[in-house]
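Enquirer: Here you go, one structure.
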Amino acid sequence: MKHNFGAGPGILPHEVLKQAAEAVINFNGTGLSLLEISHRSPEFEAVLDEALKLVRELFEVPEGYSILFLQGGASTQFALAPYNLLPEGGKAAYLETGVWANKALKEAKYFGETIVVATSKESNFSYIPKDFEIPKDAAYFHITSNNTIYGTQLHKFFKSPIPVVCDMSSDIFSRKVNVADFGLVYAGAQKNMGPAGVTLVIVKDDLLGKTNRKIPSMFNYQTQIEGGSMYNTPPVFAIYVSMLTLNWLKAKGGVEAIEKENDAKAKALYTEIDRNPLFKGVCVPEDRSHMNVCFVVQNPEHEKPFLKYCDEKGIVGLKGHRSVGGFRASIYNALPITSVHVLIDAMQEFQEKNK
Ligand SMILES: *Cc1c(COP(=O)(O)O)cnc(C)c1O
């Protein structure tokens with residue numbers, strides 16, 4: 001067994017993979033593959049219904065919010081958020097906390113004026129800016145809850161006078177969130193919810209239909225809501241595997257239970273990074289992510305040998321993003337704490353060998 005610390009597509013529970021593999025051959029005893037049945041069949045409609053129900057239940061999505069499974073990844077939502085929420089001639093506010101936030105901002109510029117309320121670019125996004133004002137006259141305020149590349153996370157959300165739009169791609173379902181604090185939440189599934197190919201969108205219904213824009217059907221949240229995420233053929237396999245993953249999460253005790261586990265994993269790993277003289281963290285401690293743990297070696301000559309040492313122990317996916325370097329241990333929901341302990345042991349053994 002490998003210990004998969006990859007940043008995305010990320011680790012999925014082993015039992016989910018086994019069930020998914022079975023469904024590709026013979027779905028629920030139908031004698032057909034999940035991949036060759038109609039998305040309008042009662043069998044698949046039951047899958048979609050179950051997936052939607054699990055999202056609403058586990059994420060505690062209140063009345064007045066619609067849940068969608070769309071294609072195109074979080075990157076498409078960078079454009080669809082302003083397309084659907086930013087009125088002609090209006091402006092949108094963005095918090096610049098990394099590459100993904102920046103890409104979201106770039107797309108908004110196609111639709112109107114943008115305001116960057118704060119940025120941590122000058123420090124290579126090693127912290128979350130906190131002292132800023134959210135302009136009351138903007139249509140929405142866009143944030144990224146977890147910055148996958150830099151290893152920072154918003155541990156407290158901002159009080160906002162305008163609707164908050166949040167890219168939760170890399171920490172959705174990892175912790176309890178009050179959905180009512182948001183106007184729009186979106187997340188590519190492939191970090192913490194399922195496989196690549198489906199994007200979860202949770203939108204507050206009364207924010208829609210106010211832009212005066214003509215929005216093509218596929219890009220219009222309203223059309224997708226009316227179509228029940230089936231305006232066209234949905235990504236059946238990705239939705240199915242997400243449903244299995246959410247069921248796995250429910251069986252573990254839901255978001256609250258996994259949050260405790262995630263906190264324990266993060267605490268154990270950061271404690272070792274701070275203790276071990278060979279390594280150091282790259283972010284301001286108070287903003288450290290509980291999903292992507294970024295760290296570097298004190299002596300650059302140790303970097304390659306440490307990666308090799310980890311590889312020999314079955315620890316994979318540890319190489320940091322090129323814009324930060326060093327290591328990034330992604331400790332998503334499905335990564336067991338035993339894997340974190342294997343990594344910690346490797347760090348301690350490596351310290352011993354390099355005394
Ligand atoms: C991975 C990631 C994205 C990009 O997701 P795609 O589904 O590949 O478009 C966007 N935002 C965050 C925070 C991510 O981690």
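The values are calculated or read from the model by the stated rules, or taken from the named source; none is laboratory data. Computed from a prediction, not measured in an experiment: that's the story for all the values here. Cβ atoms come from the backbone with ideal geometry, glycine included; neighbour counts cover every protein chain shown. Please note that ligands, DNA and RNA were not included when accessible areas were found on the heavy atoms of the full protein model with its side chains. Shrake-Rupley method; radii C 1.70, N 1.55, O 1.52, S 1.80 Å.
Enquirer: Quick check on my filter: what residues within the stretch 219-242 are within 23 Å of the chain's Cα centre (by Cα), in a helix (DSSP H, G or I) and under 24 Å from A108 (Cβ atoms)?
Expert: Correct list: F219, Y221, Q224, I225.
To keep it simple, each residue is scored yes or no on (1) among the β-branched types (V, I, T); (2) more than 16 Å from the ligand (Cβ to nearest atom); (3) in contact (Cβ under 8 Å) with a residue 12 or more places away in the chain.
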{"position": "E45", "(1), (2), (3)": "no, yes, no"}
{"position": "K53", "(1), (2), (3)": "no, yes, no"}
{"position": "F59", "(1), (2), (3)": "no, yes, yes"}
{"position": "P62", "(1), (2), (3)": "no, yes, yes"}
{"position": "L70", "(1), (2), (3)": "no, no, yes"}
{"position": "S75", "(1), (2), (3)": "no, no, yes"}
{"position": "A81", "(1), (2), (3)": "no, no, yes"}
{"position": "A93", "(1), (2), (3)": "no, yes, yes"}
{"position": "E96", "(1), (2), (3)": "no, no, yes"}
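Enquirer: On to the next question. Having 2 or more residues that are under 30 Å from L343 (Cα atoms) is the bar; report the helices (runs of 4 or more DSSP H) wholly within the stretch 1-101 that clear it. Talk me through it step by step, then tell me what you get.
Expert: On the way: elements: 14-25, 42-58, 73-85.
Filter on the stretch 1-101 gives 14-25.
Enquirer: Checking the condition among the aromatic types (F, W, Y), open to solvent by less than 10 Å² (accessible area, probe 1.4 Å) and within 24 Å of the chain's Cα centre (by Cα), which residue from F279, F295 passes?
Expert: F295
Results for (1) hydrophobic (A, V, I, L, M, F, W, C); (2) without any contact (Cβ under 8 Å) to a residue 12 or more places away in the chain; (3) touching an Asp or Glu at 6+ places or on another chain (Cβ under 8 Å), shown as yes or no for each residue.
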residue: G10; (1), (2), (3): no, no, no
residue: A21; (1), (2), (3): yes, yes, no
residue: E36; (1), (2), (3): no, yes, no
residue: L48; (1), (2), (3): yes, no, no
residue: R56; (1), (2), (3): no, yes, no
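Enquirer: Tell me yes or no: at least one residue of the stretch 213-220 is more than 10 Å from the ligand (Cβ to nearest atom) and either on the phi > 0 side of the Ramachandran plot or β-branched (V, I, T) (or both).
Expert: Yes, because at least one residue in the stretch 213-220 is more than 10 Å from the ligand (Cβ to nearest atom) and either on the phi > 0 side of the Ramachandran plot or β-branched (V, I, T) (or both).
Enquirer: Identify the residue in the stretch 324-355 that is in contact (Cβ under 8 Å) with a residue 24 or more places away in the chain and hydroxyl-bearing (S, T, Y) and, among all such residues, is nearest to M1 (Cα to Cα).
Expert: Step by step, filter the stretch 324-355, then rank; the result is S339.
So that you can scan it fast, the table gives a plain yes or no per residue for (1) touching a strand residue (DSSP E or B) at 6+ places or on another chain (Cβ under 9 Å); (2) among the acidic types (D, E):
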| site | (1), (2) |
| --- | --- |
| K130 | yes, no |
| Y140 | yes, no |
| Y150 | yes, no |
| M168 | yes, no |
| D171 | yes, yes |
| S174 | yes, no |
| N178 | no, no |
| A189 | yes, no |
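Enquirer: Right, something else. Which of the strands (runs of 3 or more DSSP E) contained wholly in the stretch 113-201 include at least 3 residues that are within 12 Å of the ligand (Cβ to nearest atom)?
Expert: Details: elements: 113-119, 141-144, 164-167, 184-188.
Passing ranges, in order: 141-144, 184-188.
Enquirer: If I go through the stretch 289-323 residue by residue, how many of them are among the charged types (D, E, K, R) and in contact (Cβ under 8 Å) with a residue 12 or more places away in the chain?
Expert: Step one: of the stretch 289-323, the residues among the charged types (D, E, K, R) are 301, 303-304, 308, 311-313, 319, 322.
Remaining after also requiring in contact (Cβ under 8 Å) with a residue 12 or more places away in the chain: 303, 313, 319.
So the count comes out to 3.
Enquirer: All but one of (1) surrounded by 13 or more Cβ atoms within 10 Å (Cβ to Cβ); (2) at pLDDT below 95 hold for A264; which doesn't?
Expert: Going through the list (1) surrounded by 13 or more Cβ atoms within 10 Å (Cβ to Cβ); (2) at pLDDT below 95, A264 breaks only (2).
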